[in-house]
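The values are calculated or read from the model by the stated rules, or taken from the named source; none is laboratory data. Computed from a predicted model, the values in this text were never measured in an experiment. Because the Cβ atoms are built from the backbone with ideal geometry, glycine has one as well, and the counts that use them run over all protein chains shown.
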Amino acid sequence: KQLQDLLYIYELQLKDILENTYHGAKSKLFSDCSAVFDRKKTQNGYYRIRPRAEREPFLVYCDMSDGGGWTVIQRRSHGKENFNRNWDEYKLGFGKFQGKNDEYWLGNEHIYDLLAQGETLLKIDLMDWHGERRYAIYEKFQLTNEQDNYRLWFGTYSGNAGDALSGGSNFEEQWSASHRGMQFTTSDKDHDRFLGGNCALENKGGWWFNRCHAVNLNGRYYKAGSYSGSHDDGIVWSTWHGMWYSLKYTAMKIRPPFFVDRESGDGENSQDS
């Protein structure tokens, strides 16, 4: 499955290079979607970017709404893509890179390269099964390198979804569920603080788990919202719908902080239904 996904991505990249089908990008490579936007390319869609000159370029979805210049690093929209993947798959990335709402994880190594360019803003778009939308913005979004297991750091929160990445409203919740400073965990590489097991195994996806989480956007896709089971393994943002409600749509996207438009809600690449 991993080899098939990589071959699929490489095939799209080769098609882009040979046919110049992605918005006329031709041989020009951009460092991220904010650089694409700066060149007056303001159409939503897939572009070929290369954050580091010594590495190969890759495809990414650029969200040019909501102020423009957003590089989408994660998206859930229909549940067809399996997010219960191993370390190497989360490192290299997986998913489809064609449609507006195709699901994917860009890849921890690609995300690390994007964040290494300088201070970065993270915006998370959320939608429930009634079509209500919320968002969360975090300043100074950072990942460390693979040697430190892509440890997560982030700064000040703003938005209307609640500061779930910080773990909750009281000290006990923050101690056990905050994602700040947590290393990335997958089913085959356990770096969480849960001594009784592996949070990624229990919650069906790779994430920056603590003991275990207040947020998991890579969990199991439940097509009903509220769910039950032995583990709270859905697509969870605890400060909005709690731990036993799985969201319909999520998108994680980044750009330099000078692009920020704090009054905006969700980008237009969010699903309408």
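For this structure, a couple of remarks:
- Meets criteria (among the small types (Gly, Ala, Ser), closer than 18 Å to Leu115 by Cα and at pLDDT 95 or above) for Gly93: yes
- Residues in the stretch 201-216 that are surrounded by fewer than 23 Cβ atoms within 10 Å (Cβ to Cβ) and under 16 Å from the mean Cα position of the chain (by Cα): 1 in all.
- Pairs where the first residue, in the stretch 108-124, is over 15 Å from Gln147 (Cα atoms) and the second is in a strand (DSSP E or B) and charged (D, E, K, R), C-beta under 7 Å, 6+ apart: Leu121/Arg255; Lys123/Lys253
- If you filter the stretch 19-58 down to residues that are surrounded by fewer than 19 Cβ atoms within 10 Å (Cβ to Cβ), within 19 Å of Leu115 (Cβ to Cβ) and not small (Gly, Ala, Ser), you find that the one that is modelled with the lowest pLDDT is Leu29.
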